[in-house]
1. For residue 174 and residue 105, compute 0.36 nm times the residue count separating them, minus their Cα-Cα distance, and round to one decimal in nm.
2. How high is the FRET efficiency between residue 58 and residue 192 when r is their beta carbon distance and R₀ equals 22 Å, given to the nearest 0.05?
3. Put a dot 7 Å past each Cα toward the Cβ at residue 116 and residue 159; how far apart are the dots in nm?
4. Which length gain, in nm to one decimal place, applies between residue 38 and residue 200 when the Cα-Cα distance is subtracted from 0.36 nm times their residue separation?
5. Based on alpha-carbon positions alone, could you give the equivalent ellipsoid semi-axes of the stretch 90-227 from the gyration tensor, as √(5λ), descending, whole Å?
6. Select from the stretch 124-230 those GluC sites (Glu not before Pro) which occupy a DSSP coil region and have at most 16 other Cβ atoms within 10 Å, ordered by residue number.
7. Thinking of the stretch 2-76 as a set of Cα atoms, what percent of all their pairs are more than 15 Å apart?
8. Non-local amide H neighbours of residue 143 (under 5 Å, H modeled in plane, Pro and chain starts lacking H): which ones?
Amino acid sequence: MRDAANRRSKTPLYRMIQLDLQRKILAGDLPRGSWLPSEAQLQRTYGASQTSVRRSLLELERLGLVERLQGRGTVIAANEVRAVSPMLGLGQELRQRGFSILAEVLENEIVEAGETIGARLGLGPREHVRRLRRRYSAEGTPLVLLEHHLRTDLVQGLQDFGGDSLYAFLLARDAAPHHAQERVFATNLDAREAELLALAPGTAALVRERTAFDGSGVAVEHTHYVLRSSADDGYQLEINLQATP
């Protein structure tokens, strides 16, 4: 595995460990109910640090493939990836909420990944990715700015993307994401964002960031959404909670 890591240094070691174990789990080589080797054994096997091994196990746990039991170790929980929630593109989600969406492509170009996007997509900072910048409007009001970064080695034909549903475009090319990680936080609009959303600089807005993965756990795309979030004409995130007995 150390030799493989040297040959494929653009892929973080924790991701290589995750994918190697994931393949064995999905193939049934590590059946449900069996135990993974200890963290110390995995460190020796893969020539990795404790941090890399633990992160790989966290990723497997997030996919529902393993369960980490304090003081006992890591047990195989399933031999298939469990989708946590339906995978919808933001355009699909907004249409389901009743918005009539107009999608515009603002930029479509090849750029260097950089440190942040490279880390999200498992690439080196100087490797190239496709960057798409789009805007969604509803009834003449700019609603969302979208910035996508996609791996060009996994998704072909992105130069022809027309601007509507990115996930439908990916599905037609057998590259639709299988699952994703997402986080939501608040921001204040910078000058460029404010101009594109027809708001004043410094206006509060909502940010959603999503990294989407294929069925083997490889990151396909990372998207940064900036959403107009006023109560009257903006995006609102509603969460329903239910008590359990």
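Rule-based calculations on the coordinates, nothing more; no lab input. Since this is a predicted model, take the numbers as computed values, not measurements. Virtual Cβ from ideal backbone geometry, glycine too; neighbours counted across all protein chains shown.
1. Net length gain for the segment: 22.6 nm.
2. It comes out at approximately 0.05.
3. 2.8 nm
4. 52.9 nm
5. Each semi-axis is √(5λ); the values are 24, 18, 14 Å.
6. Filter output for the stretch 124-230: 139.
7. Across the stretch 2-76, Cα pairs with separations above 15 Å total 52 percent.
8. Counting only residues 5 or more places away or on other chains, the set is 136, 137, 138.
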